[in-house]
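Below is one structure, written out as structure tokens; comments come after it.
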Amino acid sequence: VFSSPELKDIEYIRSNYYNKLEIARFDSSLGRFVGYTEFGVKQANYWNKDTSFIAALNAQREAVCLTTVGI
């Protein structure tokens, strides 16, 4: 739930699951992936090294969230 049309107040979260267990999550407020399992930590470290991938996910926050804020 959010009540602000400001982009800085909107949080974009992308979670990765395997067998119903969350292994890693991208959090736009942190600007990086966080791993929750041993495998997820390894994947998060790998994904965090790819600056273009992180920049693309941060751009998705604006493209997806900001355009639908009025709906």
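The values are calculated or read from the model by the stated rules, or taken from the named source; none is laboratory data. Keep in mind that what you see is a predicted model, and the values were worked out from it rather than measured. Glycine gets a Cβ as well: all are built from the backbone with ideal geometry, and neighbour counts include every protein chain shown. In case anyone asks, the SASA skips ligands and DNA or RNA and just uses the protein heavy atoms, side chains included. Shrake-Rupley method; radii C 1.70, N 1.55, O 1.52, S 1.80 Å.
Side notes on the structure shown:
- Only listed residue being among the polar types (S, T, N, Q) and either closer than 19 Å to Glu11 by Cα or assigned to a strand (DSSP E or B) (or both), chosen from Asn58, Asn45: Asn58
- Residues located in segment 59-71, provided they are surrounded by 13 or more Cβ atoms within 10 Å (Cβ to Cβ) and under 11 Å from the mean Cα position of the chain (by Cα): Gln60, Arg61
- Contacts under 7 angstrom Cβ, first residue in segment 9-23 being within 12 Å of Phe33 (Cα to Cα), partner in a strand (DSSP E or B) and acidic (Asp, Glu), 6 or more apart: Ile13/Asp27; Ser15/Glu22
- A count restricted to segment 24-42 and to residues that are without any contact (Cβ under 8 Å) to a residue 12 or more places away in the chain, open to solvent by 50 Å² or more (accessible area, probe 1.4 Å) and not in a helix (DSSP H, G or I) stands at 1.
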